[in-house]
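First up is the structure itself, then whatever we jot down about it.
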Amino acid sequence: QVQLVESGGGLAQPGGSLRLSCEASGSIVSIHIMRWYRQAPGKERELVAFIISGGRSNYADPVKGRFTISGDITKNSMYLQMNSLKPEDAAVYYCNARVRASGQSIPNEYWGQGTQVTVSS
């Protein structure tokens, strides 16, 4: 089994910052990619950013220049530094990873439970 646990959500004022963390644990053989998604009420879940082995990363257009994804997926962890937060960034943020677990011949997608980010004055 593989578990993903997010932390670091909370309340920030517009223009403020928050840092999210995601830790993967369990019978992990390798992680191919880790991603942050978010879902606001009444909206579809959307990709925010991803990071792959070697550190290459990419971002959705709405967060470019404001969010920074980091971490070492070979150590099963990633972070999302969110600066210059806007009310439209408010959502539940989910950690996702493509993981090959012990006993599996192919990788599978795993999700965390999500962490709430609220942006309000």
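The values are calculated or read from the model by the stated rules, or taken from the named source; none is laboratory data. Source: prediction; values computed, not measured. Please note: Cβ atoms are built from the backbone with ideal geometry, for glycine as well, and neighbour counts cover all protein chains shown. Just the protein is used for accessible areas: all its heavy atoms, side chains included, with ligands, DNA and RNA removed. Shrake-Rupley method; radii C 1.70, N 1.55, O 1.52, S 1.80 Å.
Computed values, structure above
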| item | result |
| --- | --- |
| Filtered residue count, the range 44-78, keeping only those that are within 17 Å of Gln116 (Cβ to Cβ), touching a residue at least 40 places away in the same chain (Cβ under 8 Å) and either in contact with an Asp or Glu (Cβ under 8 Å, 6 or more places away or on another chain) or open to solvent by 40 Å² or more (accessible area, probe 1.4 Å) (or both) | 1 |
| Checklist (1) assigned to a loop (DSSP other than H, G, I, E, B); (2) open to solvent by 40 Å² or more (accessible area, probe 1.4 Å) applied to Thr118, failing item | (1) |
| Answer residue from the range 8-43, given it is small (Gly, Ala, Ser), at pLDDT 95 or above and assigned to a strand (DSSP E or B) and is nearest to the chain's Cα centre (by Cα) among those | Ser21 |
| Some residue of the range 20-36 being closer than 17 Å to Tyr110 by Cβ, among the basic types (Lys, Arg) and open to solvent by 80 Å² or more (accessible area, probe 1.4 Å) | no |
| In the range 78-115, the residues that are in a strand (DSSP E or B), over 20 Å from Pro62 (Cβ atoms) and under 10 Å from the mean Cα position of the chain (by Cα) | Ala97, Trp111 |
